[in-house]
Each structure stands twice: as structure tokens, then as C-alpha cells.
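Inspection log for the structure reproduced underneath, given as C-alpha cells.
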């Protein structure tokens, strides 16, 4: 069965890594981003070279009308959504002490990372429930891209940590609600991954990694996360709804 996958924030970083892995598995891919489609044309061409259907859905998931437009386009093009990957996320525009965090930064980060992902999940989950109700064999699942920051404190980006902690609870909530329909919901917690988000502090992280921050002495790559997502999409990790997969090179292992 060819699966139709919607990846929010899928035009670069971890999201693009996931898209590249899934087109190789024969999935049709809808990637979402805020940039104009002309700016992501090279990415789309790269994905389409694998022979599956690939579309771009521009929009900001923090905005209700944009979410509706994104989902409508996917359904018009593909007919259904088998997999939702909630990957879209931002860090604070400025890393700043917790005692100086602004409401503007808090609202911006939470709006995309948590509110947007919550209501995107709600919309797509309702679609999946309808599909499951009419066809018990319909395959559906939701994958939430969280972070080690869901439980590990970083006082210079508190709003980001709170958003990912909230996503962790969101995963358990939807896993419980959708359990009766056999729609699993998973949470992935990447560690320090080489992406646009970490580019500004990559030198710092590379130094920390060599000093023992992670058990595996390298920064993670988007492909590391993508391989785990692929395993979930292929059904290779069954009976694990609501659970967390740590893709962090051992960063979260308590050590002393």
C-alpha cells in the first residue's frame, strides 16, 4: 500500500531528511513550509526524482486558515492522509535568560510548536477516524517530533522547552483518544541534530560533544531521525503507541 504522508516543516532540516527517507520507501509526500514554493523548487525536484507524488503546501500551522488550506490541498491531491508528521518547529529568535523572556517570543514559539501542532493533529485525526470508520483496514498514524528539551532544562530558551514538554503530553492524549480506532501516536525526541536551528551554536555543541555531552561522540544528522520515522511508518515498531523514541546519541542517559 502506498502511504500518503504530510510532513509539517518538511522543506529543510529534519523534515526534509524524513521526506527523503520516505520517498525512497515509495510514499507520496506533502511537505509544508512558510516559504514561497519557488524557493523550495530544488527540494521538490529532488524528492520527485524518486518517482512518487510530491506536493508543497505553503502555510503557517499556527494560523487556523493556513492549517485548513494545507490539509485541504493534501486531500484534494492525494485523497487521504495515512501519516502526519508534526515536525514544524522554531526556537526563540534570541536565546535569552529566562528572567528576560518576552511574551512575544513565548507566543511565537508556542503558537507554532504546540498550538499549531495540536490543532493540526486534531484536524488530521478527525479525517483519519472517518477513514477508519468506513474502512477498518485503513492505515493511519501520527508522529510528533519533540526534543530532549521536553525534559532537559535550557534556561536560555525556556519557551522552547515548555513547547516540547507540552507536545509530550499531547502525544499521550491523542494516543489515548485514538486508541479505540487503532491509530497509534508516537513521540520522537531528537538530541543535538545538525540543522538550521543549531547552525548558530554548532561550534559550541561540537565542542561539548567531544567533551562527553553525548555517549556517541558526534552530532546527530537528520537521517538519524528519518530512519526511526521510516521504521514507524513501515510498522516495524508495533504495540508502542504513546511511547517515546530517543534519537539523541545517549544524551539523555543519566550519568555521573
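The values are calculated or read from the model by the stated rules, or taken from the named source; none is laboratory data. Keep in mind it's a predicted model, so treat the numbers as computed, not measured. For neighbour counting, all protein chains shown are included, and Cβ atoms are generated from backbone atoms with ideal geometry for every residue, glycine included.
The table that follows gives values for the structure above.
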{"item": "Subset of the range 196-217 that is more than 19 Å from residue 250 (Cβ to Cβ) and in a loop (DSSP other than H, G, I, E, B) - its residue that is modelled with the highest pLDDT", "result": "201"}
{"item": "Failed condition for residue 42, given (1) touching a helix residue (DSSP H, G or I) at 6+ places or on another chain (Cβ under 7 Å); (2) without any contact (Cβ under 8 Å) to a residue 60 or more places away in the chain; (3) over 18 Å from residue 27 (Cα atoms)", "result": "(1)"}
{"item": "Lone qualifier among 51, 33 - being under 24 Å from residue 108 (Cα atoms) and free of Cβ contacts under 8 Å to residues at least 60 places away in the same chain", "result": "33"}
{"item": "Among the residues listed as 85, 109, the single one being at pLDDT 95 or above, in a helix (DSSP H, G or I) and under 19 Å from the mean Cα position of the chain (by Cα)", "result": "109"}
{"item": "Residues of the range 21-36 satisfying the condition of being under 22 Å from residue 117 (Cβ atoms) and in contact with a strand residue (DSSP E or B) (Cβ under 9 Å, 6 or more places away or on another chain)", "result": "22, 27, 28, 29, 30, 31, 32, 33, 34, 35"}
{"item": "Any hit, the range 168-181, residues being within 18 Å of residue 80 (Cα to Cα) and touching a residue at least 12 places away in the same chain (Cβ under 8 Å)", "result": "yes"}
{"item": "Qualifying positions in the range 182-226 - in contact (Cβ under 8 Å) with a residue 40 or more places away in the chain, surrounded by fewer than 20 Cβ atoms within 10 Å (Cβ to Cβ) and more than 21 Å from residue 153 (Cβ to Cβ)", "result": "182, 196, 221, 223"}
{"item": "Those residues of the range 26-59 which are more than 17 Å from the chain's Cα centre (by Cα), assigned to a strand (DSSP E or B) and over 17 Å from residue 226 (Cβ atoms), in sequence order", "result": "55"}
{"item": "Residue identified as modelled with pLDDT of 95 or more, more than 30 Å from residue 130 (Cβ to Cβ) and touching a helix residue (DSSP H, G or I) at 6+ places or on another chain (Cβ under 9 Å) among 250, 158, 166, 242", "result": "158"}
{"item": "Qualifying residue in the range 156-164 (condition: buried (at least 20 other Cβ atoms within 10 Å of the Cβ), part of a helix (DSSP H, G or I) and without any contact (Cβ under 8 Å) to a residue 24 or more places away in the chain)", "result": "yes"}
{"item": "Qualifying residue in the range 155-175 (condition: more than 30 Å from residue 101 (Cβ to Cβ) and under 20 Å from the mean Cα position of the chain (by Cα))", "result": "yes"}
{"item": "Test result for residue 56, over 29 Å from residue 26 (Cβ atoms) and touching a residue at least 24 places away in the same chain (Cβ under 8 Å)", "result": "no"}
